[in-house]
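Working notes, structure below.
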Amino acid sequence: MTNPSYAFQTFDPGFTGTTPSAQCTPIYLLTADSITFEDEQFEAISLRAKNWIKASNFVGAGGATLLVPDDEGLLSCVVLGLGPAQIKDQDPLIVGVLPQTLPNGDYRIAYGENSVRDHGRDALAWALGSYRFDRYKKMATAHPKLRIDHGVANLEELLALARATAFGRDLISTPTNDMGPQQIAEAAQALAGTYDVPCRTIVGDDLLTENFPMIHAVGRASDQAPRLVDFSWGSKSNPKVTLVGKGVAFDTGGLDIKSAAGMLLMKKDMGGAANVLALASAIMATDLPVRLRVIIPCVENAISGSAFRPGDVLTSRSGRTVEIGNTDAEGRLILADALTLAGEDEPDLIVDMATLTGAARVALGTDIAGLFSNDDGFAAGLQAASLAEADPLWHMPLWQPYKKLLDSKIADINHIASGGYGGAITAALFLSTFVGAETKWAHIDLMAFNPTAKPGKPIGGETQGMRALYSHLKQLYAHGQ
Ligand code: BES
Ligand code: MN
Ligand code: ZN
């Protein structure tokens, strides 16, 4: 039994533009020493409130919130701690703690007259923090609402990014029994349908006739046939940007089976696909002047008699043979065939996104995604954009001398490195051999999941690098428009 087609969930960013300002509970932002930054606001707070803040031992620690009552015990204002006095030292999404902590109601942020805060960033943080994955909850809880009035110039764009984030998070957090290879493909088809563009899907044994042998080999052991989704959008005269996402609906590890702990979260192994679809939705919603192509190989790395094996030698779409060192390194195999396809129409840029290695998580932790590129200038620009957007990526090296670790005795290449050190780099190097040297390419190795809650980042599926890429693509291609 398969579940019905993918239906877009509605996402409420938790904004109000209609409630009059005077009816909204003010939120005061205070730094750790409580009275330096934005201090004119602090002066605006009543003596009663100041006493309450003192009595509560509130010292403005980052993310600390305090509800301040009036004479009758009704909510008079909210105080949010920003942490350090310097804005550059604060969590840029700090306002994102509020939607999950405040009681239901209407709020406004009481910015000081000399405030240097980015109102758009605060609004985005609120929207990202308003997200809840409640698909499996009987009772959906009400959201507090933030009044958005002046000072947010690019509200539509910001909403598109918040919506895209929610879309990506929904896809990742949905468990595999409702988000198999078929439903990932349906989500992509539904997105293409929303923008009236045709979507090609190659399913099952057709992958063999269409020459995607490694996507087929990785996905053939599952009850849901492997498939490849491919759609394009936008004017053909615009720069061609091709996005490729790892869509492993679930990663058991294959015959090289994962441990229980290692397998627990593997519904998120389609996080690259989810990020690509989220980014595509933002690009199309805002009409970014690119010719977009989206390629998603969708498989389940399952175990059955037809599973591919350690020691097998696969012939890739490129014609090169690949020795299988470990069936748990499945992502790079499906990406290799997808990247070969991506290069065939010579795009200006290929970006792939993938939950590719545990090694990238060991190196960078769960908050920062690894960025690899055959173009250092592009990587530097993208990393800078990522930091500006509070969506951090860090440039890691495609260290050529490590390529020899991928040597195979019996095939053209092994897909895993001997020794096991530098696993994120060797995985990226493997991918790089399926991208033409003249094609600008970036690879993002991401976690796609928040194991703990942080401001604007609830526990669960997460987009990473999506807003960074959007911002950088806009900078590169929409400049002057
Ligand atoms: N999907 C995993 C990588 C992963 C694991 C990402 C945990 C994020 C968190 C990938 O398919 C995998 O299993 N990679 C192996 C590669 C190894 C067998 C060379 C890994 O990283 O251990
Ligand atoms: Mn794996
Ligand atoms: Zn995987």
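Within segment 131-163, track down each residue that is surrounded by 12 or more Cβ atoms within 10 Å (Cβ to Cβ) and either part of a strand (DSSP E or B) or small (Gly, Ala, Ser) (or both).
145, 146, 147, 151, 160, 162
Looking at (1) more than 13 Å from ligand 1 (Cβ to nearest atom); (2) closer than 20 Å to residue 243 by Cα; (3) assigned to a strand (DSSP E or B), which one does residue 342 not meet, given that it meets all the others?
Single failed check for residue 342: (3).
For residues that are touching a Leu at 6+ places or on another chain (Cβ under 7 Å), part of a loop (DSSP other than H, G, I, E, B) and within 16 Å of ligand 2 (Cβ to nearest atom), scanning just segment 410-465, find the one that is nearest to residue 239 (Cα to Cα).
415
This table checks each residue for (1) under 30 Å from residue 131 (Cα atoms); (2) in contact with a helix residue (DSSP H, G or I) (Cβ under 6 Å, 6 or more places away or on another chain).
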{"position": "439", "(1), (2)": "no, yes"}
{"position": "443", "(1), (2)": "yes, yes"}
{"position": "454", "(1), (2)": "yes, no"}
{"position": "471", "(1), (2)": "yes, yes"}
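Collect the residues in segment 343-359 that are crowded, with 20+ Cβ neighbours inside 10 Å and within 21 Å of the chain's Cα centre (by Cα), keeping them in residue-number order.
Answer for segment 343-359, where residues must be crowded, with 20+ Cβ neighbours inside 10 Å and within 21 Å of the chain's Cα centre (by Cα): 349, 350, 351, 352, 353, 354, 355, 356, 357.
Restricting segment 351-369 to residues that are under 10 Å from residue 464 (Cβ atoms) and not acidic (Asp, Glu), which is nearest to ligand 1 (Cβ to nearest atom)?
The residue in question is 355.
So residue 472 clears everything in (1) under 21 Å from residue 332 (Cβ atoms); (2) at pLDDT 95 or above except one condition, right? Which one?
(1)
Restricting attention to segment 279-302, which residues are more than 10 Å from ligand 1 (Cβ to nearest atom) and either over 23 Å from residue 337 (Cβ atoms) or of a type in the set (S, T, N, Q) (or both)?
Answer for segment 279-302, where residues must be more than 10 Å from ligand 1 (Cβ to nearest atom) and either over 23 Å from residue 337 (Cβ atoms) or of a type in the set (S, T, N, Q) (or both): 281, 282, 283, 284, 285, 286, 287, 288, 289, 290.
The values are calculated or read from the model by the stated rules, or taken from the named source; none is laboratory data. What you see is a predicted model, and the numbers here were worked out from it, not measured in a lab. Counting neighbours? That spans all protein chains shown, and the Cβs are built from the backbone with ideal geometry, glycine included.
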